[in-house]
1. Hand me the list of helices (runs of 4 or more DSSP H) wholly inside segment 1-106 holding 2 or more residues that are over 30 Å from Lys207 (Cβ atoms) and modelled with pLDDT of 85 or more.
2. Looking at Leu204, is it surrounded by 17 or more Cβ atoms within 10 Å (Cβ to Cβ), aliphatic (A, V, I, L, M) and over 27 Å from Lys63 (Cβ atoms)?
3. Quick one: which helices (runs of 4 or more DSSP H) lie wholly within segment 150-253 and hold at least 1 residues that are modelled with pLDDT under 85 and not aliphatic (A, V, I, L, M)?
4. Among Ala134, Ala152, Ala173, Ala110, which is exposed (fewer than 15 other Cβ atoms within 10 Å of the Cβ), among the small types (Gly, Ala, Ser) and either touching a residue at least 40 places away in the same chain (Cβ under 8 Å) or touching a His at 6+ places or on another chain (Cβ under 9 Å) (or both)?
5. For segment 123-149, which residues satisfy the criterion of being outside any loop (DSSP other than H, G, I, E, B), acidic (Asp, Glu) and more than 20 Å from the chain's Cα centre (by Cα)?
6. Those residues that are small (Gly, Ala, Ser) and surrounded by fewer than 12 Cβ atoms within 10 Å (Cβ to Cβ), I need them from segment 1-22; list them, please.
7. Would you pick out the residues in segment 23-33 that are surrounded by fewer than 23 Cβ atoms within 10 Å (Cβ to Cβ) and touching a residue at least 24 places away in the same chain (Cβ under 8 Å)?
8. Criterion first (modelled with pLDDT of 90 or more and under 23 Å from Asp178 (Cα atoms)) does Ile137 satisfy it?
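The values are calculated or read from the model by the stated rules, or taken from the named source; none is laboratory data. Keep in mind that what you see is a predicted model, and the values were worked out from it rather than measured. Positions of Cβ are generated from backbone atoms using ideal geometry, with glycine treated the same way; all protein chains shown enter the neighbour counts.
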Amino acid sequence: MLPSNRLYQEIGNQLKFLLKSGTYKVGDRLPPERDIAETYSVSRTVVREALIMLELENLVDVKKGSGVYVVALPTDELSESDKKLEEEDFGPFELLQARQLIESNIAAFAASQIVKSDIVQLRAMLEQERRDLAENILSDYHADEMFHIAIAKATKNSVLENLLNDLWQKRHASKMWDKLHSRIQDHSYRKKWLDDHEKILQALQIKDPAAARQAMWQHLENVKQTLMTVSDSEDPDFDGYLFESIPVAIVSR
């Protein structure tokens, strides 16, 4: 069995077995995500990641508003690129969950360590994000990334900074993340995320760890909800959660 942090691969391989066995043929529509999730007792986020995996292997085609259709049957041997995907790639929602847990606590700690020069740097990142939006530069997330990393730097803890850099490098290297983002047509969400960053900065400026933790948690929850919406082929309004938006254990510390 694959390790638990590759649960989406386990479900993806179960679906590939059904394709190989003839349960589904080219042109067939796969069952709705909800049914697959119930069959294997997993969340819809895991199913979503499994379907992205099959899409990257060119086995299915995701048609928004219609469903997921079989376009090819798996062969016995994976290509080198598919092997690399199974070995190294992380599910985008799994990665977001890790970021949500880690970055919310990084933000809380940063609130107790932050100094004026950190605030100046964060403000500069926000201004760059505003310029990018004003100039309709929607494919560049550099200022967004630098904002998050600057918060980790404000902790004055190089281990935390390196940890966050590693999470962003995993995002950059993820073909699954790229596939998810390729479906985004409406970029109005970027204004919401900028507002989220402003709230995080406000909490850091007043050195309020609880507020900083909650603001970061909610920001990454908003990111997750956006990606769930744009990647759902069946129900654009689906609002499933990996877990509670702001768990009591997180905000009450």
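1. Of the helices (runs of 4 or more DSSP H) lying wholly inside segment 1-106, those with at least 2 residues that are over 30 Å from Lys207 (Cβ atoms) and modelled with pLDDT of 85 or more span 7-20, 33-40, 44-56.
2. yes
3. So the answer is 175-182, 189-205, 209-230.
4. Ala173
5. Glu127, Asp132
6. Matches in segment 1-22: Ser4, Ser21, Gly22.
7. Tyr24, Lys25, Val26, Gly27, Asp28, Arg29, Leu30, Pro32
8. no
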